Each structure stands twice: as structure tokens, then as C-alpha cells.
Amino acid sequence: MTDDILVKTRDLCFKRGERVIFDGVDIDIRRGSVTGIMGPSGTGKTTLLRLIGGQLFPDQGTVHVDGENVHELNHGQLYQLRQRMGMLFQNGALLTDLNVYDNVAFPLREHTNLSESLIHKLVLMKLEAVGLRGARDLMPTELSGGMARRVALARAIALDPMMIMYDEPFTGQDPISMGVLVRLIRLLNDALGLTSIIVSHDIQETLSIADEIYLLSGGKVVARGSTDELNASKSEWAQQFLKGQPDGPVPFHYSAVDYADDLLNGHPGRAQSRV
Amino acid sequence: MLNLLQEMGKRGLGVFERLGRGCILFYNIIMGLHTLIPRFGLVVYQVYSVGVLSLIIIVVSGLFVGMVLGLQGYNTLVDFGAEESLGIVVALALVRELGPVVTALLFAGRAGSALTAEIGLMKATEQLSAMEMMAIDPIRRVMAPRFLAGFIAMPLLAAIFSAVGVIGGYFVAVGLVGVDEGAFWSQMQDAVDLYDDIYNGVIKSVVFGVVVTWIAIFEGSDAIPTSEGVSRATTRTVVHSALAVLGLDFVLTALMFGEI
Ligand SMILES: Nc1ncnc2c1ncn2[C@@H]1O[C@H](COP(=O)(O)OP(=O)(O)OP(=O)(O)O)[C@@H](O)[C@H]1O
Ligand SMILES: [Mg+2]
């Protein structure tokens, strides 16, 4: 099945305990496109990526990647599929016992039989792309948050996957590396024919490279479309989110009881912190 | 009252649920062992870190336990004029019981807790998750080599413990209290049976090694991914391993030496 859609979710429902995170989400991600997933903090963007990667199981609905139902694959097939997916974790998730070089080399050594000299060249190329070739001997604890995320990016593209999921690639980057990263993501996507999913709060950067954008809120897709479509959209959700206004349909607060009520009648916290 | 029953029921179910998860993990680790054949280097490195790095504590403890056995045994035997049999007492106590048991307890404290903390932290910092997404199964890449290393290292450590203990006993017996050297060794050689004593001791230490390493790996992978969660898991590893070792020791001893 080689249709145009690489990732397809249908009627996706997911709960964390009693809390509904997704309530019927349909998403189509076209092959070769850059798709932005945006939404308020805590709506479940990271959760969505984990559902696509098969690390979490939906309560209802399906996720298809490259024509295969992710949650019906057996262990071997799922790992086969994951070899073709790269994922950049929100916090980098580097292996703390390996230095930068070995972190990037790790998936290559695990999945290929390439000679060390070839791996050396590949690793340096990936590190050069993210501007950290000089940092190859540092340990992850010696990196700043933004650097760690760039190393993680180099690691995610090490195996040249067919799709990459970026969880907040731009947070903690200065304007220069941000610009480089934005161009790099677009370049990788077009030059290697990848499919990219970007989860981000950086509206301008995401709008500037995404072919299509999904706005998630309250467990549903509240708006979708290209940058122009969203800008022109009359949807209150889209307008509020793109302009960053505090008031509107998108809630800024995690669901809670009424504020005044909480102040007057709520339970005080424990007197002693346990730490 | 109902609440109490409910709470007890919940706890009970929780215990069985964890046991079930532990068994599934055990099964998955065993099924993943074959992937280590072409990559034995991973296991060798882990044998170094759980085994070789535990050597000092094992050797020192073995020496002292052997010396204490020598002194205590002498004090009792000398009343019966049987101090020549001191070699038997020291060797049998070490090979049958103290070697495997004390080594397992030390192993749980030295290597088991380290395994739990390492795996728990890898979980808390999403390293295990990241490996999964890189299509690298953490059970095969991280847990299976550590499990196999524990399986290999424990009997070796127990053997070293017993051997050093015997030497410690020899120092005390021959050097300190003046037991005849020839009698010490020859009585020991006569009385210690290869099958009854040595094999059974080795079986014990293998069982303890498997159980302690399994508990340590399971607690790590099942830890709540917070600093408190990992610290609790580490404590649980040491406590549960100790209980399991002592309980199993009774069962195994009853099976092996019950009819002798
Ligand atoms: N392990 C967990 N157990 C219970 N609830 C969780 C867990 N992880 C996340 N959640 C909840 O799921 C919801 C979605 O979390 P998620 O991390 O997907 O948000 P997000 O959209 O990625 O937010 P952000 O933009 O801040 O990264 C949150 O409300 C969070 O409280
Ligand atoms: Mg997130």
C-alpha cells in the first residue's frame, strides 16, 4: 500500500486514568511533507507522538504508519517499523554514559554492520549538520539543554529514517541555531525525501516551514490547514493560538475548580515539603 | 472495616500484578538471551561491572568469615578434643551454606542495588524510551546482558568467597591456635564430597544469582520514574533479594541435605 498518506490516525481516543487526552482525533500526514502539530501545553502532543511510535496503546481508534496498523504489529515488525522512524525527544534523552560521538554512533552500531571508519564519517557529518562537530568528546552532562537537543537531532537522523518526529526541536535554542535548525529540518525533509512531524510552540518558525498544521486542543483537532489557510481562518481557536492571546476558547489553565472558590475553600497543601 | 478489607485486597492484587509483570520480564529476558551470542562483549563488560568490581568486598568478607569460623569452631571442638576436624567444619560451613548465602547477600547489596539504580535512572531520564524508539529493545540491549552477567558472576564469586574463607580458617587454625596442618587439610579432603557439597553449593549460588539479578533488574525497570521512586526501588531490591535468598536457601537445603 503506497498511498499518499504516511501516517493516518482515525478516531483516536486515549485516556490517562480518568483524564481524556484524545477524544476522536483524525490526522493525515502526507508523505514528504512537514506537518506541524501545535496546541497548548499539556494537550497531549508528546502523547500523540508516542502513540504513533507504538509506545502507548490507544483506548480506541487506529494509527497507521506506512499502511501498517502500529498497534497490531508483533514485536519484530514494530521494531522493523521503528527503524524507519526517528524521534527527537523533548528533553533529548541522550544516553548519559556515552559521549556525544558515541551517542550519535549508537543507532548505527546497533543496526548496521558498517566499519568504524565509515561510522566515523557519518557521525561527523551528522554532527556538523547540527553545528556540534567540535563537541564530540563531551559527555551529555556537559552539554546545555539546547546543545543536548541538537545532539539528539543528529542521533535521530543517523539512520536516515523515512520519517522524523520532532518534539519541541526549537525550545532552548538561540536565534541563530534556531534559524539553522529550521532550515536544516526543511532541508533534510526535501533533500532526503523524509516526512517530518514537528511538535512546537514556536509559531513563527513552525508556520514558516510547515506545509500543513494541526491545532489540537481539548482532545480534538480544532483547526487544520496550511499556514495561509490558518492565517485566513475565521476559527477563533486558530486566531487565538496564532496571536497568542490569553482569552478565547483555548484554555491556558489545566482543568481546575473555580479560582475564587479554590482560594476560599480549597484544601491547603501539606505543610512540609517532602523533599 | 470494609475499607480495611478493600485496602488489603488492593495490596494483594498489587503484589500478584507485580509478580506477573516480573515473570513476563523474566520470560522476555530469557527469550532475548540468544541475541547476545554475536555480541558477547556486552556481557563481558557487565561481568566486569557486577563481578570483578564486587571482588574486593567478597574477598575481604570471605577472609573474615573464614577466620571467625576457625575461632568459633576451635572453641567448640577443643572441648571434645576434636580440634583436628576444624578443617571439615570450616570447609563444609562455607561450601554448603555461608559461601552461597553470604555472597548472595553481599552481591545484592553491592551489584543488585547498582543495577536497580542504573536501570531505574535510565527509565526516569527516558533513555529506555529513546532506545525503544531507535528500534533497540532495552530488554535485549540493557537487561539481558546484565542478567547473564549476574548468572555467570554469582557462582564464581561464591567459589572465591569459599576458597578465601578456607584460607582464612587455615590461618587461624594452623597459625593461631596450632591445629596440625596435615590433619587440617587431609580431614577436609576426606569429608568434603564433590557431589553432595560442592555441586549443591554451586547450584545454590546459581539459583541465588539468577534470583537476585532478576529482582534487581525488575525493580529498576518497574521503578516509578522519579528520584524517590528509584531510591525506593533500590531499597526494595536489597530487602527482597535478602528475603528471597534466605527463604530459598531453606527450601534448597531441605531438598538437598534433608535426608542426609
Ligand atoms: N505518565 C503520565 N501519567 C499520567 N498523565 C500523564 C503522563 N504523561 C502525561 N500525562 C498527562 O497527559 C497530558 C498530555 O501530556 P503531553 O506530555 O502529551 O503534553 P504536551 O502536549 O506534549 O505538552 P507540552 O507542550 O508541555 O510538552 C498532560 O495533561 C499530562 O498531565
Ligand atoms: Mg510535550
Inset, instruction - Name the residue farthest towards the positive end of the dipole of the protein assembly as shown from the options B:Val210, B:Phe151, B:Met131, assuming +1 on Cβ of Lys and Arg, -1 on Cβ of Asp and Glu, about the Cα centre. - result: B:Met131
Legend entry - Cβ-placed point charges (K, R +1; D, E -1), dipole of the protein assembly as shown about Cα centre in debye, nearest 20: 960 debye
Inset, instruction - Run through the DSSP bridge list for the protein assembly as shown and note the antiparallel percent, rounded to the nearest 5. - result: 55 percent
Legend entry - A:Ala191 versus A:Asp23: modelled label distance in nm, points set 7 Å from Cα along the beta carbon direction: 4.5 nm
Legend entry - Of B:Gly165, B:Val177, B:Gly247, farthest towards positive along the dipole that unit charges on Lys, Arg, Asp, Glu beta carbons give chain B: B:Gly247
Inset, instruction - Please work out the FRET efficiency for the pair A:Asp4 and A:Ile176, using the Cβ-Cβ distance as r and a Förster radius of 35 Å; give the result to the nearest 0.05. - result: 0.45
Inset, instruction - Return one number: the angle in degrees, 0 to 90 and rounded to the nearest 10, between the long axis of the Cα atoms of helix B:181-191 and the longest principal axis of the Cα atoms of chain B. - result: 60 degrees
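Given R₀ = 51 Å, FRET efficiency for B:Phe250-A:Asp59 by Cβ-Cβ distance, to 0.05? Let's see the in-between values first.
Details: r = 46 Å, r/R0 = 0.90.
Working from the Cβ atoms, E equals 0.65.
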Legend entry - Which listed pairs, of A:Lys220/A:Lys243; A:Lys45/A:Lys234; A:Lys8/A:Lys234; A:Lys45/B:Lys123; A:Lys8/A:Lys121; A:Lys45/A:Lys243, have C-alpha distances above 30 Å, in listed order: A:Lys8/A:Lys121
Legend entry - Zone of B:Trp185's modelled label, taken as backbone nitrogen in the stretch B:137-174 under 13 Å from a point 7 Å along Cα→Cβ: B:167, B:170-171, B:174
Legend entry - Ordering of A:202-209, B:190-197, A:258-265 by burial proxy (mean other Cβ atoms within 10 Å per residue, highest first): A:202-209, B:190-197, A:258-265
Legend entry - Summed side-chain charge close to B:Ala191 - residues other than B:Ala191 whose Cβ falls under 12 Å, Lys, Arg +1, Asp, Glu -1: -4
Inset, instruction - Give me the distance in nm between label points sitting 7 Å out from Cα along the Cα-to-Cβ direction at A:Gln83 and B:Gln72, one decimal. - result: 5.7 nm
Inset, instruction - Please give the solvent-accessible surface of A:Asp97 in Å², to the nearest 10, using a probe radius of 1.4 Å with every protein chain present. - result: 110 Å²
Inset, instruction - Could you list which residues have their amide H under 5 Å from that of A:Gly36, counting only those 5 or more apart in sequence or on another chain, with H placed in the peptide plane? - result: A:Ile198, A:Asp211, A:Glu212, A:Ile213, A:Tyr214
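For peptide A:102-108, how many partner chain Cβ atoms fall within 10 Å of a residue's Cβ, on average? Intermediate results must be reported in sequence, preceding the final value.
Numbers: counts 0, 1, 0, 0, 5, 6, 0.
Mean shielding by partner chains, rounded to a whole number: 2.
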Legend entry - Size of charge dipole - chain B - debye, nearest 20, with Cβ of Lys, Arg +1 and Asp, Glu -1, no other charges: 1260 debye
Legend entry - Of the DSSP H helices in chain A, those whose Cα atoms cover at least 24 Å axially and whose Kyte score averages 1.0 or more: A:175-192
Inset, instruction - Before rounding to the nearest 500, sum -39500 (n - 2.57) across all DSSP H runs of length at least 4 in the protein assembly as shown and divide by the residue total; then give [θ] at 222 nm in deg cm²/dmol. - result: -17500 deg cm²/dmol
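Let's test the formula: R0 of 51 Å, r as the Cβ-Cβ distance of A:Glu142 and B:Asn28. What FRET efficiency results, to the nearest 0.05?
Details: r = 35 Å, r/R0 = 0.68.
So the FRET efficiency works out to roughly 0.90.
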Legend entry - Most to least accessible of B:Val202, B:Val47, B:Val212 (protein chains only, probe 1.4 Å): B:Val202, B:Val47, B:Val212
Inset, instruction - Taking the Cβ of B:Leu36 as the centre, find all other residues whose Cβ is under 10 Å away and add up their charges (Lys, Arg: +1; Asp, Glu: -1). - result: +3
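The values are calculated or read from the model by the stated rules, or taken from the named source; none is laboratory data. The structure presented is a predicted model; accordingly, all values stated were derived computationally and were not measured. Note that we place each Cβ from the backbone using ideal geometry, even for glycine, and neighbour counts take in every protein chain shown. To get the accessible areas, we keep the full protein, side chains included, count just its heavy atoms, and leave off ligands, DNA and RNA. Shrake-Rupley method; radii C 1.70, N 1.55, O 1.52, S 1.80 Å.
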